[in-house]
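The values are calculated or read from the model by the stated rules, or taken from the named source; none is laboratory data. Keep in mind the model is a prediction, meaning the values are calculated, not measured. Cβ coordinates were reconstructed from backbone atoms using ideal geometry, including for glycine residues, and neighbour counts include every protein chain displayed. Just the protein is used for accessible areas: all its heavy atoms, side chains included, with ligands, DNA and RNA removed. Shrake-Rupley method; radii C 1.70, N 1.55, O 1.52, S 1.80 Å.
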Amino acid sequence: MRWFERLFTRRRDLPCFNSVPQHVFPRLMPVLRHLSDDEKAIQVRMDLVVPPRLPIVDEELAVIVGPGRRNAIQRDTNAPDQIPGSLSN
Amino acid sequence: MTSPINARHDLFQRLYFDERTQRDLIRGSIGTPVAAISFSVFAFGTLVTEFDMTQWRQPASIFIIALACGSIAAMFAAIYHVVMVEWLFVYYEPPDLHELLAAEERIRAERPDQVETQLTELMTASYFIGYQQYLCGNTVSARNRTWALRLVMASLLQQAVCFLLLPIHLAGSGG
């Protein structure tokens, strides 16, 4: 009955939350790049030890990209279809 | 007296949440143009039913056709702007607890005397970045919503003139 459960619940382990499909990359890449640039700039400006790292949520595609996953996407432009990792990664 | 660090933090925290609220307000307010577009579509149905195509050479008929074409163009442009209100909108969340704990650990290791200040400034910076992104997104969305509303009004106005001319057209066709 797992499929039935999925139909009526919204949990962290839903497939859309635990992977970032490759077709989303072109849409998200400018957003991620811009955000990373802003974070680096503000770190320098405020003399922060750690840069702020904001998760982003794309409602249209139900994609949640944490800072770690964001780095993985940006690091590997030929990233695989599914990027594993938890929400905070 | 509030320290500059806390003042900055309070300001950008408030601005961040205000812009988030603004986002939802803009989203909620596109209901008006959408309702007007639905009304406009049904009004077109009535106009088309009443219009006598055999009399299209009459000046009133030509005027009605021209206005109806203008109204349809304005309506499609309004639909485009309604879609663009939500297009490519991304939400920016403050750092989660894992991030904050990792940051705190690193600050303790590198600048143990500035843990509180650095963490507060980190949150201020996060709110500021989120606020900036929302501000840009909301500005574009608000522009699209405004244009959607204007175009719907233009479409309805042209339709209203069409309906005013319809009796003249029907009189000419003997209807």
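Using alpha carbon coordinates only, what is the Rg to Rh ratio of the protein assembly as shown, with Rh defined as the Kirkwood radius?
Details: Rg = 26.4 Å, Rh = 22.4 Å.
Over the Cα atoms of the protein assembly as shown, Rg/Rh equals 1.18.
Heavy atoms only, probe 1.4 Å: what % of the accessible area of the protein assembly as shown goes to carbon and sulfur, would you let me know?
Carbon-and-sulfur percentage of accessible area, whole number: 64.
Could you report the stretch B:69-158's accessible area per residue, 1.4 Å probe, as an integer in Å²? Don't skip to the answer; put the middle values down first.
Details: 4590 Å² over 90 residues.
Ligands and nucleic acids excluded, the result is 51 Å² per residue.
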Original post:
What is the average number of partner chain Cβ atoms found within 10 Å of a Cβ in A:27-36?
Top reply: 2
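Over all directions, how big on average is the projection of the convex hull of the alpha-carbon atoms in the stretch B:33-78, in square nanometres? Display every interim value, and only then the final one.
Details: hull surface 12.6 nm².
One quarter of the hull surface, i.e. the mean projection, equals 3.1 nm².
Let me have the 222 nm mean residue ellipticity of the protein assembly as shown computed from DSSP H runs of 4+ only, each contributing -39500 (n - 2.57), with the sum over all residues rounded to the nearest 500.
Values: 9 runs with 188 residues, N = 264.
Dividing the helical sum by the residues of the protein assembly as shown leaves -24500 deg cm²/dmol.
Which whole number gives the average, over all residues in B:33-44, of C-beta atoms from other chains lying within 10 Å of the residue C-beta?
On the way: counts 0, 0, 0, 0, 0, 0, 0, 0, 0, 0, 0, 0.
Taking the mean over all residues of the peptide, I get 0.
When the Kirkwood radius is taken over all Cα pairs of chain B, what Stokes-Einstein diffusion coefficient follows at 20 °C and 1.002 mPa s, in µm²/s? List each step's numbers first, then the result.
Numbers: Rh = 20.2 Å.
Answer from the Stokes-Einstein relation: 106 µm²/s.
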Original post:
By how many degrees, 0 to 90 and rounded to 10, does the Cα axis of helix B:97-110 deviate from the longest principal axis of chain B?
Top reply: 40 degrees
Original post:
What total accessible area, in Å², is buried where chains B and A meet, using a 1.4 Å probe and rounding to the nearest 100?
Top reply: 2400 Å²
Original post:
Which value, to two decimals, describes the C-alpha radius of gyration of the stretch B:90-160 once divided by 2.2 N^0.38 Å?
Top reply: 1.95
Original post:
For the Cα atoms of chain B, what angle does the longest principal axis make with the long axis of helix B:115-172, in degrees from 0 to 90, nearest 10?
Top reply: 0 degrees
Subject >> Principal-axis tilt of helix B:4-29 within chain B, Cα atoms, nearest 10 degrees >> reply: 20 degrees
